[in-house]
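Every read-out reported here was derived from the displayed coordinates using simple, explicitly stated rules and does not represent laboratory data. Since the model is a prediction, treat every value here as computed from it, not as a measurement. Glycine also receives a Cβ, built like all others from the backbone with ideal geometry; neighbour counts cover every protein chain displayed.
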Amino acid sequence: MYLNSQKSYKNDTLFMAAHIFDKYLLKKGHWKFPIREVVNLFTISILIASKMEQPIQPSYTRMISLLNKKEKEMVTRESLIKMELEIITLFGCDFNFNCHGIFIDRYLRILGYHKNEMVKLMSYELSKFSLNEDLFLKYKPSVMAACSVILSINIFKKDECSLSSDGINR
């Protein structure tokens, strides 16, 4: 996640990278995947996602430079290119999938909260938490997005109510 924030990439890029990472491990078999290759996988996942989501093409060298010293020792430009080719081949060039962001925006628009920046930001931040635990993999991105939007609206309404009741009591 830190590569996404260091590059100031959109949330959609992060969710797409997580999807690429998870889908690769699902297809390849996480039990067969060497742990030493995880850094390569998360780096190339961000690179592939940024190629699809960001207006400026990413640089392999720049991305590697953002890694910490220990991670840099595990990653080379050539290893990233090799893994990218493997991912593209394994996916059959099929990178058409919906991520959390599309659904969050849709649900906020339907519920009339699309102009509320606080609810929108909260929804995206809550969705990011789902990337930290593997138990959330069994839920579709649309379900995770719906949950984060509902939670955000409820938190926003609770804060709004407590602020207005504080004003009445004073």
Which whole-percent values make up P(r) of region 34-170 when all C-alpha to C-alpha distances are grouped in 10 Å steps starting at zero? 10, 28, 29, 19, 9, 4, 1
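Quick one: net charge of residue 59's neighbours, Cβ under 14 Å, K/R +1, D/E -1?
On the way: positive: 7, 51, 62, 77; negative: 84.
Around residue 59, the surrounding residues sum to +3.
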Normalised by the residues of region 24-127, what does the relative contact order come to in percent, with Cα pairs under 8 Å and at least six apart? 24 percent
For residue 88, what charge total do you get from the other residues with a beta carbon under 14 Å from its beta carbon, if Lys and Arg give +1 and Asp and Glu give -1? +2
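For the cross-link pairs 7/138; 72/128; 120/157, which exceed 21 Å when the distance is taken from alpha carbon to alpha carbon? If you can, show how the numbers build up before the last one.
Details: 7/138 29 Å; 72/128 25 Å; 120/157 13 Å.
Over 21 Å apart, Cα to Cα: 7/138; 72/128.
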Under 1.5 on a/c is rounded, so check that first for region 60-123, then, if it is not, pick prolate when a/b is larger than b/c and oblate when it is not; a ≥ b ≥ c are the square roots of the alpha carbon gyration tensor eigenvalues. oblate
If you place +1 on the Cβ of every Lys and Arg and -1 on the Cβ of every Asp and Glu, how big does the dipole about the Cα centre of the chain come out, in debye to the nearest 20? 120 debye
Using the Kyte-Doolittle scale, which helices in the chain average at least 0.5 and also have C-alpha atoms spread 24 Å or more along the helix axis, with helices defined as whole DSSP H runs? 141-169
